[in-house]
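Since the structure comes first, as structure tokens, the remarks are kept for the end.
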Amino acid sequence: MIELTEVHKSYGSLKAVAGVSFSIKAGEIVGLLGPNGAGKTTILKILTGFHYPDSGSARVDGLEISEAPLLIKRTLGYLPESAPLYDDFTVREYLHFVARARRIAPGDRQRRCAAAIEACGLSSVVQRPIATLSKGYRQRTGLAQAMLHDPDILILDEPTSGLDPNQILEIRRLIRSLGESKTVVLSTHIMQEVEALCDRVLILNKGRIAATGTAAQIAAELSGGARYAISVIAAPGSDESVFADVEHLAGVRDVRISRLERAVRISAELSLLPGVPAGAEAGTREGIDYDAGAALFDWAVAHGLRISELQPLRRSLEELFVELTR
Amino acid sequence: MKPVVIIARRELHSFFNSAVAYIAVTLFLGLTAVWFFAIYGFAARDFASLRGYFGLMPFLFIVLLPAITMRSWAEENKSGTAELLLTMPFSELQLVLGKFLGALVLVLIMLAFTLAVPLTVLPLARFEIGEIVGQYVGTVLLACAGLSLGQFVSSLSRNQISAFLISSLLLLLISVLHVVNAVSALPRVLALTVNHLSLLTHYESFARGLIDSRGVVHYALLTVAFLYLSARVLVIKKWS
């Protein structure tokens, strides 16, 4: 649906995007995460055809954006950073202007505007001039504008910036429900947002992609494996030697037995290298998808151990973000 | 055509929602009327013509037209709304034409009010209707040229005031270019060129009621050229 190949973009001497490639499938919610100045906004501007790339190709539905801008702009809804709006309109007037600009048939305008007003919680301010709105309402008006014509693709630049925690939850719920039928690309510098909303994350740093995958995949990839804390209830009389065998399990390394209680409950912390199921290379996609938790379960069953606790120890996205973008 | 009208309507909406339109219209009507009746002294002259009335317009246009167009892109560039317009399904040319049409309609509304002057004096003497028609045609064409120049300057700017000052200056220069001939002896070809490029040279024919094709072509060419350049600026900005 969206495909960027080796895209470069500079503003004067400032290199904003330096060779970014990725593709987004229909129906995905993808988050661009990165510190300020990482190139998130530039990539979104390229996707919406507001800027054209210096080199490389940016395609939507197989069409190069700079060659068919009008066609592509029709399929997009866009919320630019800091939600610019025409201050001299009221919210209702503004949405009706957008409806006309988006060529919504006159008979449908009223219904679409009402639906967007409802979905974005704008009913109480429809008659107010935009100039008098608070940051949260401006942001929501911008979002209403973006979704008004029911586009296939939504491009949202920091959709929850300036909102209070309740509003953030509401807007996230809205984006998630929009994401059920649409492709959504959003940027943010808030890690929880990505974890809460996105099927996939692209972490950007200095104009390049530093990591990509689901939040969990990125965590696994970067920490060099998945870590688990496991407690098993062993048969009376057994000791930590039951764990000797776990080291032969695919990918297990670094078994640390931290607790030994009355010789029946044995706890251990162990890390599993991603990607060593039979025949798979470490670090490949297959490897990352390898479910270490399930493998541990199978191991316990095979040895007659009862698992009382099995907890994946994930590093937070924050830690990884700091590490990646340092 | 429809997209152009959508943009033009938005422009008019913001003109009439700010004080700019009202101040500009009032000032324009007030100044031209005061000039014609009090300073120029129409009633004291034994001369049934509005030439004096229209004679002032090009000079007022030097500040009035830039005042109308200064916001057009400078304000959008500054507030970020340019990003909205340019990511909506409009071509750059449609946006430029829409903004031009909006500004032109404002000028036409203003000129419609000036009809009060000919209507007031018409019963007083025998006027050449053809002359008045020529005067209005020339004024509208001059406005087109000035508005498109103003929009072009605004498209390059993020600051209304600098857009206003620069377009005023440019409009002043091309309005009175022929004055060069009064103060220096240029080679004949150059002198004729300078004379031809000056907006006022042509406006004088219109003010006498002559719809001179050279004037029409000159004003129309300027209009088309600056509209085209504005659209080019929008496209080039996407690449830079």
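What FRET efficiency comes out for residue A:131 versus residue B:174 if R0 is 45 angstrom and r is the Cβ-Cβ distance? Round to the nearest 0.05.
For R0 = 45 Å, the calculated efficiency reads 0.75.
Could you check the simple spin-label distance between residue A:11 and residue B:232, using points 7 Å along Cα→Cβ, in nm with one decimal?
2.5
Taking the Cα centre of chain B as origin, work out the dipole magnitude from +1 charges on Lys and Arg Cβ and -1 charges on Asp and Glu Cβ, in debye rounded to 20.
360
Collect residues whose amide H, placed 1.01 Å from N in the peptide plane, falls under 5 Å from the amide H of residue A:122; neighbours closer than 5 in sequence don't count.
Sorted by chain and number, the residues that satisfy this come to none at all.
Measure off 7 Å from each Cα along the Cα-to-Cβ vector at residue A:118 and residue B:17, then give the distance between these two points in nanometres to one decimal.
2.6
Output needed for segment B:1-115: three equivalent-ellipsoid semi-axes, defined as square roots of 5 times the C-alpha gyration tensor eigenvalues, in descending order, whole Å.
35, 13, 11
Report the residue, chosen from B:13, B:218, B:178, that carries the largest GNM mean-square fluctuation when chain B is represented by alpha-carbon nodes joined by springs under 10 Å.
Looking only at B:13, B:218, B:178, the biggest GNM fluctuation is shown by B:13.
With bins 10 Å wide starting at 0, give me the P(r) of segment A:1-141 over every alpha carbon pair, in whole percents.
The percentages, shortest bin first, are 10, 33, 31, 22, 3.
Considering the dipole of segment A:2-213 built from charges on the beta carbon (Lys and Arg +1, Asp and Glu -1) around the Cα centre, which of A:181, A:19, A:50 is farthest to its positive end?
The Cα lying farthest towards the positive end belongs to A:50.
Let me see the pair-distance distribution of the protein assembly as shown: every alpha carbon pair, 20 Å bin width, integer percents in order.
18, 37, 25, 13, 6, 2, 0
For segment A:6-64, treating each Cα as an identical point scatterer without solvent, what Debye log10 I(q)/I(0) comes out at q = 0.16, 0.25, 0.29 1/Å?
At q = 0.16, 0.25, 0.29 Å⁻¹ the computed log10 ratios are -0.50, -1.18, -1.47.
Fewest first, what order do A:94, B:136 take by the number of other Cβ atoms within 10 Å?
Going from sparsest to densest Cβ surroundings: B:136, A:94.
How big is segment A:90-198 on each of its three principal axes, counting only the C-alpha atoms and giving the largest first in Å?
40, 31, 18
Each residue of segment A:171-180 in turn: what ³J(HN,Hα) in whole Hz from Karplus with 6.51, -1.76, 1.60 and θ = phi - 60°, glycine and Pro shown as x?
5, 4, 4, 4, 5, 4, 6, 5, x, 5
Could you estimate the translational diffusion coefficient of segment B:20-65 from the Stokes-Einstein equation, with Rh from the Kirkwood formula over C-alpha pairs, at 37 °C and 0.692 mPa s, in whole µm²/s?
D, rounded to a whole number, is 294 µm²/s.
Kindly put B:18, B:175, A:66 in sequence by how many other C-beta atoms sit within 10 Å of each C-beta, fewest to most.
B:18, A:66, B:175
So for the protein assembly as shown, taking the charge dipole from beta-carbon charges (+1 Lys/Arg, -1 Asp/Glu), which of B:116, B:139, B:43 sits furthest toward the positive end?
B:43
How big is the dipole moment of the protein assembly as shown about its Cα centre under a simple scheme where the beta carbon of each Lys and Arg is +1, that of each Asp and Glu is -1, and everything else is neutral? Debye, nearest 20, please.
1960
To the nearest 0.05, how large is the calculated FRET efficiency for residue B:133 and residue A:152 if R₀ is 41 Å and r is the Cβ-Cβ distance?
0.20
Pop a pseudo-label 7 angstrom from the Cα along the beta-carbon direction at both residue A:216 and residue A:180 and give the gap in nm to one decimal.
It works out to 2.2 nm between the two label points.
Quantify how much of the Cα-Cα distance distribution of segment B:107-240 extends past 18 Å, in percent.
64
Given an 8 Å cut-off on Cα distances and at least 6 residues of separation, report the relative contact order of segment A:2-213 as a percent.
Taking the mean separation of contacting Cα pairs over the length of segment A:2-213, I get 32 percent.
Figure the gain on full extension for residue A:196 and residue A:64 (residue separation times 0.36 nm, minus the Cα-Cα span) and round it to one decimal in nm.
Once the chain is fully extended between residue A:196 and residue A:64, it gains 44.4 nm.
With +1 assigned to the C-beta of every Lys and Arg and -1 to the C-beta of every Asp and Glu, and no other charges, what is the dipole magnitude of segment B:110-233 about the Cα centre in debye, to the nearest 20?
Dipole size: approximately 260 debye.
Using a 10 Å cut-off around each Cβ, can you sort A:43, A:175 from fewest to most neighbouring Cβ atoms?
So the residues, fewest neighbours to most, are A:175, A:43.
At R0 = 25 Å, how high is the FRET efficiency between residue B:5 and residue B:140 if r is their beta carbon distance? Nearest 0.05 is fine.
So, using R0 = 25 Å, E works out to roughly 0.85.
Note down, for chain B, the three equivalent ellipsoid semi-axes (square root of 5 times each alpha carbon gyration tensor eigenvalue), biggest first, whole angstrom.
Semi-axes, largest first: 32, 22, 15 Å.
Among A:69, A:142, A:211, whose Cα projects farthest towards the positive end of the dipole of segment A:2-213, with charges put on the beta-carbon of Lys, Arg (+1) and Asp, Glu (-1)?
After comparing all options, I get A:142.
Bear in mind these aren't lab numbers, they're just calculated from the coordinates by the rules spelled out. Since the structure is predicted, the reported quantities are computational estimates derived from the model, not experimental observations. A quick note on method: Cβ atoms are made from the backbone with ideal geometry, for glycine too, and the neighbour counts reach across all protein chains shown.
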